[in-house]
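The values are calculated or read from the model by the stated rules, or taken from the named source; none is laboratory data. Being a predicted model, the structure only gives us computed values, none of them experimental. Every residue, glycine among them, receives a Cβ derived from its backbone with ideal geometry; neighbour counts consider all protein chains shown. All accessible areas refer to the heavy atoms of the entire protein, side chains included, with ligands and DNA or RNA removed. Shrake-Rupley method; radii C 1.70, N 1.55, O 1.52, S 1.80 Å.
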Amino acid sequence: MNEAKGHALSLRGLSKKYGEFVAVSDVSLEVGRGEFLTLLGPSGSGKTTILMAVAGFVAPSAGAILLDGRDITPLPPEKRDFGMVFQGYALFPHMTVAENVTFPLRVRGMSRAERDAKVRGALDLVQLGAFADRLPKQLSGGQQQRVALARALVFDPALLLLDEPLSALDKKLRAELQEELKALHQRVGRTFVNVTHDQEEALSLSDRIAILNHGRLVQAGAPGELYERPRTRFVADFLGKSNFLDGMVHGATASGFALEAGAVRVAVRLPDGAAAPPEGARTLLSLRPEKVALLAEDEGAENIAEGRILSFAYLGAGFSLRVATEHLGEIRAVLPAWKAPIAPAEGLPVRLGWAADAAVPVLEDAA
Amino acid sequence: MDGAYRTGPFGRSLAWVTALYLVLPILIVVPVALTDQRFLSLPQEGISFRHFGTVLGSAEWLGSIWQSFTIAVAATVLSVTAGTLCAIGCWRISRRATELVRVLMLLPLIIPSIVYAIGLYRYFGPLGLLDRFLGVAIAHGVTGIPYVVITVSTALAAFDPRLEQAARGMGASLSQTLRWVILPRIAPGIFSGAIFAFIHSWDELVMVLFIASRQVFTLPRRIWDGINENLDPAMAAVAVLLILFTLLLLMADRALRRRSEGG
Ligand SMILES: Nc1ncnc2c1ncn2[C@@H]1O[C@H](COP(=O)(O)OP(=O)(O)OP(=O)(O)O)[C@@H](O)[C@H]1O
Ligand SMILES: [Mg+2]
């Protein structure tokens, strides 16, 4: 990967208002050279608006957009030189695949011979060399998507913007194209900014993810970091699934604390450098279902909760259980089938266990 | 039409009667044009093509046909250029003010042409445009704009605005976007508008009566004068030729539309 080829992008206090309605509110974000950043958020959270502001189609109400340190906020879209794949592709229906891909080169006044070579290269890159003379409507959804990608890449843009490029595809094709997209990113070494509301896509593709809600940036970081250490309840809930345990902080030390919930205490070990919440404060813990184990009769764990199985679902690779516990409410557990010590059944009394570093404190979302 | 409601006999006969009522005046012209008499009448002893011969052999008629044709071509160019640009402009800006512009552009359709003609007469005089090719072409071109605005606006309504964004995002200037993306997509609409603008000029009489007299003598004007002065069946022959020509244009429009829908 040639990291120096991509642009560095930074958003400084970006806001967009439509009348009274705030679509994007004070978003600041850095995207490094050659990085694959995903904007993730529920519908209406402002992802497209941010991408359109970067592309130049939406004028921000406040804030600045910098490309390699240069302010590009006032530049019109045609002066920005970004590749873009729109939600729904936006291929030109009256042009063949090759003509579509040639378009950005034709605009730049490139000679025919040079154009042809580049177009062939771009189509080969997305494995569509054989389809050059077809019209977009004669292609499948996945093929159209790849044409849109080839068209966005052919003029070698230093920044590629993708607005839900895979949303129209079925699950299997999407998984295939996700891999292709990731490989492509590695091959071309450009900066990619991708928009999605599919958390799996975000986790598997990105170097970094920025999570948005109601137009605000909630948290940004590497996928593993966001998944393991969500800052708020919203992040824990949106990126994967989570149990939430509510209680008071008790016996806080440098390395951890206990959460007092009813008559039980949950031991929490914090990673190095993380500050414990203040003694006596009300705190919320996020506990991932896959970190909860179903204990065998004589097995121990740092935290143990007893309860009864409310319901269970067989997922093929494993089970998903809902367990009603006495003091901690309902807890979900997801366990691989080979790791289940007993066959689950409704009403069965069980013991759940998890390590002290499995649960992490998260903030309640600001209303 | 599978699954559609079937019309009852009453509905069907009503439709036929209406259609007949609409085309009867057109159809009556055909036998009159083929009359063997020397005045406007139905054929008595047999049909004859001699009135067609009169028309096609007369320098006056041919001159008028040629004049009407060139005026219509010039007017069409004017209508299409102005109408297309106006429709695209309104579509791109698309604010409340542009709605007003669009309504204004339809005014020539709404205002009775005789009122319009009086107005034209008043201010074409000082400009020296009365009885001039240019004057008539401008008058017809301007009043033809609404047809183009309507057809092009309709075509634009079906145009995906993201295509324009995509083009601009790839670095295309406004004129490149216009030439390579927008115009090819709305070409059928422009062509329809052109045909209607052409027909509009081709058979326009009221304005011509006001702003032209001797030098510019269009085909409708010659028919009008002919009917007022003598009831020569040559008029009916001209009318038949006019109808055939118009039909041809409409068929071209239909064929083009069908091709753009199918293709
Ligand atoms: N032109 C506009 N005028 C008014 N409100 C708008 C406009 N465009 C977007 N919005 C609003 O701004 C908010 C953010 O829209 P945006 O398109 O950025 O959402 P998104 O995160 O891309 O959602 P999705 O996942 O559904 O595509 C939405 O509530 C939307 O209704
Ligand atoms: Mg969107």
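Take the protein assembly as shown with all the other protein chains still there, run a 1.4 Å probe, and you get 50 Å² of accessible area per residue. In this structure, the residue pairs whose Cα-Cα separation is over 32 Å, taken from A:K16/A:K118; A:K118/A:K182; A:K79/A:K171; A:K172/A:K291; A:K16/A:K79, are A:K16/A:K118; A:K79/A:K171. Looking at the stretch B:50-262 from every direction and averaging, what is the projected area of its Cα convex hull in nm²? Computing the convex hull of the Cα atoms and averaging its projections yields 14.1 nm². For chain A, the calculated P(r), taken from all Cα-Cα distances in 10 Å bins from zero up to the bin holding the longest distance, is 5, 21, 25, 21, 15, 9, 3, 0 percent.
Per residue of peptide A:79-86, the mean number of Cβ atoms on other chains within 10 Å of the residue Cβ is 3. Maximal additional length on extending the B:S173-B:L20 stretch stands at 49.8 nm, based on 0.36 nm per residue less the C-alpha distance. Summed over qualifying helices (DSSP H, 4 residues or more, each -39500 (n - 2.57)) and divided by its residue number, the protein assembly as shown shows a 222 nm mean residue ellipticity of -14500 deg cm²/dmol.
Connecting C-alpha atoms closer than 10 Å in a GNM of chain B, tell me which of B:E99, B:E60, B:E45 has the biggest fluctuation. Among B:E99, B:E60, B:E45, the largest GNM mean-square fluctuation belongs to B:E45.
Taking a sphere under 9 Å around the Cβ of A:A333 and counting the other residues whose Cβ falls inside, with K and R at +1 and D and E at -1, yields a net charge of +2. Which percent of the Cα-Cα distances in the stretch A:1-62 go past 19 Å? Counting every Cα pair in the stretch A:1-62, those more than 19 Å apart make up 34 percent.
Comparing A:A158, A:A343, A:A62 in a Gaussian network model of chain A, where Cα atoms under 10 Å apart are tied by springs, the biggest mean-square fluctuation is seen for A:A343. Among the residues of the stretch A:99-116, those with an accessible-area drop of 40 Å² or more from chain alone to full protein complex, heavy atoms and 1.4 Å probe, are A:F103, A:R106, A:V107. On the principal axes of its alpha carbon atoms, the protein assembly as shown extends 121, 64, 50 Å, with the longest extent given first. If only the Cβ of Lys and Arg carry +1 and only the Cβ of Asp and Glu carry -1, the dipole of chain A around its Cα centre is close to 1320 debye. Taking a straight Cα-Cα cut-off under 16 Å and skipping sequence neighbours fewer than 8 places away in the same chain, the aspartates and glutamates within cross-link reach of A:K17 are A:D26.
Over all other residues within a Cβ to Cβ distance under 10 Å of B:A72, the charged ones net out to -2, with Lys and Arg as +1 and Asp and Glu as -1.
Rolling a 1.4 Å probe over the protein heavy atoms of the protein assembly as shown, with every protein chain left in place, gives an accessible area that is 59 percent carbon and sulfur.
Largest GNM mean-square fluctuation across A:A202, A:A340, A:A258, computed for chain A with C-alpha springs under 10 Å, falls on A:A340. From the alpha carbon centroid of the stretch A:183-197 to that of the stretch B:102-145 is 59 Å. Chain A contacts chain B over a buried accessible area of about 1800 Å², both sides summed; the probe is 1.4 Å and only protein chains count.
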